[in-house]
1. Rounded to whole Å and sorted largest first, what semi-axes of the equivalent ellipsoid does the C-alpha gyration tensor of chain A yield via the square root of 5 times each eigenvalue?
2. What number, rounded to the nearest 500 deg cm²/dmol, is the helix-based mean residue ellipticity at 222 nm of the protein assembly as shown, given -39500 (n - 2.57) per DSSP H run of at least four residues and division by all its residues?
3. Under 14 Å from the Cβ of A:Val111, count the other residues' Cβ atoms, weight Lys and Arg +1, Asp and Glu -1, and hand me the total.
4. State the volume of the convex hull built on the alpha-carbon positions of region A:239-298, expressed per residue in Å³ and rounded to an integer.
5. Given H placed on each backbone N at 1.01 Å, which residues far from B:Thr195 in sequence or on other chains put an amide H within less than 5 Å of it?
6. To make sure I understand the rule: partners must be aspartates and glutamates, Cα under 18 Å from the Cα of A:Lys226, and not fewer than 8 residues away in the same chain. Which ones qualify?
7. Normalized C-alpha radius of gyration of region B:1-160, against 2.2 N^0.38 Å?
8. Quick one: pull the percent of accessible area on the protein assembly as shown belonging to carbon and sulfur, 1.4 Å probe, ligands and nucleic acids left out.
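The values are calculated or read from the model by the stated rules, or taken from the named source; none is laboratory data. In this text the structure is predicted, and so the values were computed from the model without any measurement. Because the Cβ atoms are built from the backbone with ideal geometry, glycine has one as well, and the counts that use them run over all protein chains shown. Side chains included, ligands, DNA and RNA excluded: accessible areas come from the protein's heavy atoms. Shrake-Rupley method; radii C 1.70, N 1.55, O 1.52, S 1.80 Å.
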Amino acid sequence: MSLFEVLRFAVRGIGANKLRSGLTMLGILIGVAAVILLVAVGNGSAQQVADRIEALGTKTLTVQGTGGGQVLTPAVAQALHDPVLAPDVTSVSPVVSTQATLTYQGTDHAVQQFVGSYPSYFGASNSPVGTGAAFTDDDVAQGRRVVVIGKTVADELFPGTAAVGKELTVSGALFTVVGVLDEKSSASGFMDANDLAIAPLTAVQQTLTGYGAYNSIVVEAASSAKVADAQSQVSLILSQRVQVPAGSTSQPYRIQNASQLLETQTETADTFTTLLGAVAGISLLVGGIGITNIMLVTVTERTREIGIRKALGAPRRVILTQFLAEATMLSLLGGGLGVAAALIGSRFTIVGVRPVIVPSSIALALCVSVAIGLFFGSVPANRAARLRPIDALRYE
Amino acid sequence: MTVLDIRAVTKVYGEGAATVHALRGVSLDVEPGEYVAIMGSSGSGKSTLMNILGCLDIPTAGRYLLDGVDVSRLNDRQLALVRNRRIGFVFQSFNLIPRTTAVANVELPLAYAGVKAAERRRRALVALDMVGLADRAGHEPNQLSGGQQQRVAVARALVTEPALVLADEPTGNLDSRSTEDILRIFDDLHAAGRTIVLITHETDVAARASRLIRLFDGQIASDVQQDRILA
């Protein structure tokens, strides 16, 4: 009996019980789709995190004062700007930041970060100005009250109108909007990266924070590759300039580096992906048990049919091939539909994450489900085909 | 040449205290063209004998020659071939493949014999016509009456033109009219020279055979040639 004939028998066998075949395929479909989609969601969120950190700028260092000490003084900031001791540092931007309420014609908006810094901050913090212009060094020197606002702030205070040129009030002081920042993806996911305002350092100190120490100093390295060099140079200068306070063992400042941040975040995201993968693996297992169950039932139920076929002179090999072909078709069809479902599903945003398909997860899910289908389709069929026809016929 | 030749066949089921001697040494020859009815009470071993004759089961001891071939020495594949080519089996409970049309059921043995699809269809339809069911070829078993199902099963047993037609209480599940239909087909087969072995416990069915064998307790109690009573 030719293989083609056996395949035709298999197709007829599948068609003879559409509901059961459909349910088997559905089980495989769900298992496969769940694995691929969950892994894609994990992968997507990992990529999202990486993208956000990338957006922060990968060639900057942030020096932050810790422990409430007045460490980051103008003298320290000046010292970092040293072409001899710190040749890889291209810009130093001291930062003061505070929360403030902006008012424009009776509309209030509490901005999360009201930043005072130098014009170099825009480049260092990877915040390009979209409309209007950034303030200048001259503005900083003169302490002019101009401000560049983030997209969220512009949308809140000036809905539908141009923000540039408008005057808003910050804690009683008038600031003129000179620019609006480009929209930026939110770095941490908890804070809106577009909810900020940047003004000249001197103006912010005058009106809001006073002339204390800086909150942080953003240091820009010559390139991403030079970040590590710049970091060691900065840390050398700081260790000379800043005294470790008595009774403390750690330095009163911390140097953060975007690529370090990227690393930790990527690790977190990897853990997340592993977790989702585990959940997906469990669903594949459950799906697999479903397949196993239905295959066992199918073959057991058809033991009598196998007996009839044997009584009519079907050799064991032909019966086995037929059942194996049926199981293969069901598994492949179900698996293929599962892949299709996952591919369609990955086009939608799931819980705020755009899934990114991992090709190996498709192969894995497909292989596992097909293997389960084949194994549990063929083992009981083999057992039944080995029975003497009379035992198979009498099987209840 | 004898179609069937069994010598001192025994069949033992189970082990130890649960041992059942279903056949205790049965010897039997069947010549071509004979119409043999086997009768016996329940537990006399007639079904066991039939299963052994049909190569569905193997004897514990003894020799079985079918068409001169010792089937006890055949492997699984050769046995499948024998079942396919030499034997047509009709079961009490029809044993059609569910959700499969009558003609596909009849084609099945031919498919396993490797007959091409077109030829298979033609021969299956001829066999169905022979049992008077040509117009029901496209029906599935659950759309057919018991008698019609059994006629499909008979067509399936005949389609390979086997040396031996075995029928295990073929009328056991049928009403009198369907029984008559089936028996008439067997009469026609006998008239056409086919060898038939049939199990029954109905005397009027047995009466139509040319030879009557009674089994008792796993042994042949009587074996007589008889004049066929034609209804």
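1. On the way: eigenvalues 944, 111, 46 Å².
In descending order the semi-axes read 69, 24, 15 Å.
2. Numbers: 20 runs with 291 residues, N = 627.
Calculated at 222 nm, the ellipticity per residue is -15000 deg cm²/dmol.
3. Numbers: positive: A:Lys151; negative: A:Asp108, A:Asp155, A:Glu156, A:Asp192, A:Asp195.
Within the 14 Å Cβ shell, the charges total -4.
4. On the way: hull volume 5.8 nm³, N = 60.
So the per-residue Cα hull volume is 96 Å³.
5. Placed amide hydrogens put B:Gly33, B:Val165 under 5 Å from B:Thr195.
6. The qualifying aspartates and glutamates are A:Glu54, A:Asp82, A:Asp88, A:Glu263.
7. 1.16
8. 56
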